[in-house]
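Worksheet: one structure, shown below.
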Amino acid sequence: MEMIKGYTWGFYSGSGKFATSEAEQSMEYLASLGLNWICIPVNCFQEAFYSLNVFWLFGRTQTDEEVRFAVRKARSLGLKVCLKPMVDCLDRSWRARINFPTETDFYWGKWFESYTRFMLYYAKLAEEEGVEMLCTGCEMAGMDSQAGHCTELIGKVREVYTGIVMHNINHGDELRFRWLGEIDVIGISAYYPVSVPDDNSLDMMRKKWAEHRETVRRCHEHYGKPVMFAEIGVRNERGCTMYPWDFKYRPDAPYDEQEQADFYQSAMETMWGEPYFRGFFWWDWKAVLPPLEKASENKDFTIYGKKAESVLKEWYRNRD
């Protein structure tokens, strides 16, 4: 498999955003940075972390027509596609917290019936559109602890989908789930902390990334599968590289585009060229972009109009 120079595009866009001229312009701009892959999420939901049913939500779930439109637009730009159906909880619980009593399999069995219907629906859509990669779950530690159910899910997905099967675990879970040998590529949400309170320098980030690289290498050796960063990113806020996963808005925290850019630089310096490593889906690029002169006014994960955009472009355009 080639090195994946990717980015996640359009997360949480809701209905009505993908199939617009603004979304097309956003994807065109993103592709111009040197991408060869794009990850397109589809947002679905369950009521709470203990609910048993996954469902579409009008206004918040992208329609099939919109998903197909986005996939075909990506193809027209020469990009390969990873389709990423994602479940979130309406009670704002993190999807990793989805869980049920362990003394009985009844609840997990019911939940997997619903989740499997959800995943097979998009697996069939991915197959129909010739999508090159399908992500079968994202940061779902409760789900991932159910080895038998997960193995059965992957088997059913493979009955209808012939592309690359990737599953996205969270950092810290690299060696936890024995069934990950069933998939083709192990994706990690690589929100690893790479700085300390008194040092957020590029050299410190390089040192920390070297340590995390060993964790990623052990993951590869443990399962015998290639590894990629299915999510990775950081906000342009001072101190954010101590907690890259954190999306909370802090109005008093200073902007710091350089810290964000150094995170990109150090991650790619460290992982690029590792023989077991397959690349990046950075988090995340908006389906509708603000005016360029307003781009640096947010403290979001996006790098549009920020220093990290130039770092990404240099790596993606000039390296194989």
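The values are calculated or read from the model by the stated rules, or taken from the named source; none is laboratory data. Keep in mind it's a predicted model, so treat the numbers as computed, not measured. Glycine also receives a Cβ, built like all others from the backbone with ideal geometry; neighbour counts cover every protein chain displayed.
At a glance:
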read-out: Matching residues in the stretch 1-26 - criterion: being within 12 Å of the chain's Cα centre (by Cα) and either on the phi < 0 side of the Ramachandran plot or among the aromatic types (Phe, Trp, Tyr) (or both); value: 6, 7, 8, 9, 11
read-out: Every pair of residues 6+ apart whose Cβ atoms lie under 6 Å, when the first sits in the stretch 224-247 and is touching a residue at least 12 places away in the same chain (Cβ under 8 Å) while the second is among the small types (Gly, Ala, Ser) and in a loop (DSSP other than H, G, I, E, B); value: 229/190; 232/190; 237/253; 238/253; 241/195; 242/195
read-out: Hey, residue 210 assigned to a helix (DSSP H, G or I), small (Gly, Ala, Ser) and farther than 17 Å from residue 311 by Cβ or not; value: yes
read-out: Odd one out for residue 130, checked against (1) under 20 Å from residue 167 (Cβ atoms); (2) among the small types (Gly, Ala, Ser); (3) surrounded by fewer than 16 Cβ atoms within 10 Å (Cβ to Cβ); value: (1)
read-out: Count of the stretch 29-49 residues which are over 18 Å from residue 12 (Cβ atoms), in contact with a strand residue (DSSP E or B) (Cβ under 6 Å, 6 or more places away or on another chain), hydrophobic (A, V, I, L, M, F, W, C) and outside any strand (DSSP E or B); value: 3
read-out: Filtered residues of the stretch 284-306 (kept if surrounded by 17 or more Cβ atoms within 10 Å (Cβ to Cβ) and part of a loop (DSSP other than H, G, I, E, B)); value: 286, 287, 289, 298, 299, 300, 301, 302, 303, 304, 305, 306
read-out: Residue count for the stretch 233-283, restricted to those that are over 20 Å from the mean Cα position of the chain (by Cα), in a loop (DSSP other than H, G, I, E, B), within 21 Å of residue 295 (Cα to Cα) and not hydrophobic (A, V, I, L, M, F, W, C); value: 8
read-out: Test: residue in the stretch 81-99 that is assigned to a loop (DSSP other than H, G, I, E, B) and closer than 19 Å to residue 129 by Cβ; value: no
read-out: Residue within the stretch 231-251 that is under 21 Å from residue 84 (Cα atoms), at pLDDT 95 or above, of a type in the set (D, E, K, R) and surrounded by fewer than 24 Cβ atoms within 10 Å (Cβ to Cβ) present; value: no
read-out: Which listed residue, of 141, 147, is over 16 Å from the mean Cα position of the chain (by Cα) and of a type in the set (Gly, Ala, Ser); value: 147
read-out: Residues of the stretch 200-217 satisfying the condition of being closer than 25 Å to residue 37 by Cβ and free of Cβ contacts under 8 Å to residues at least 60 places away in the same chain; value: 212, 215, 217
read-out: Near pairs, Cβ below 8 angstrom, 6+ apart or cross-chain, from the stretch 139-160 (at positive phi) to any residue that is part of a loop (DSSP other than H, G, I, E, B); value: 139/94
read-out: Some residue of the stretch 100-110 being touching a strand residue (DSSP E or B) at 6+ places or on another chain (Cβ under 7 Å), over 30 Å from residue 21 (Cβ atoms) and small (Gly, Ala, Ser); value: no
read-out: Of all residues in the stretch 30-80 being surrounded by 17 or more Cβ atoms within 10 Å (Cβ to Cβ) and polar (S, T, N, Q), the one that is nearest to the chain's Cα centre (by Cα); value: 43
read-out: Criterion: in contact with a Lys or Arg (Cβ under 6 Å, 6 or more places away or on another chain), at pLDDT 95 or above and farther than 21 Å from residue 230 by Cα - qualifying residue of 52, 57; value: 52
read-out: Checklist (1) touching a residue at least 60 places away in the same chain (Cβ under 8 Å); (2) touching a helix residue (DSSP H, G or I) at 6+ places or on another chain (Cβ under 9 Å); (3) on the phi < 0 side of the Ramachandran plot applied to residue 29, failing item; value: (2)
read-out: Condition check for residue 52: touching a residue at least 60 places away in the same chain (Cβ under 8 Å) and part of a loop (DSSP other than H, G, I, E, B); value: yes
read-out: Residue, nearest to residue 147 (Cα to Cα), within the stretch 81-109, restricted to residues that are surrounded by 14 or more Cβ atoms within 10 Å (Cβ to Cβ) and of a type in the set (D, E, K, R); value: 105
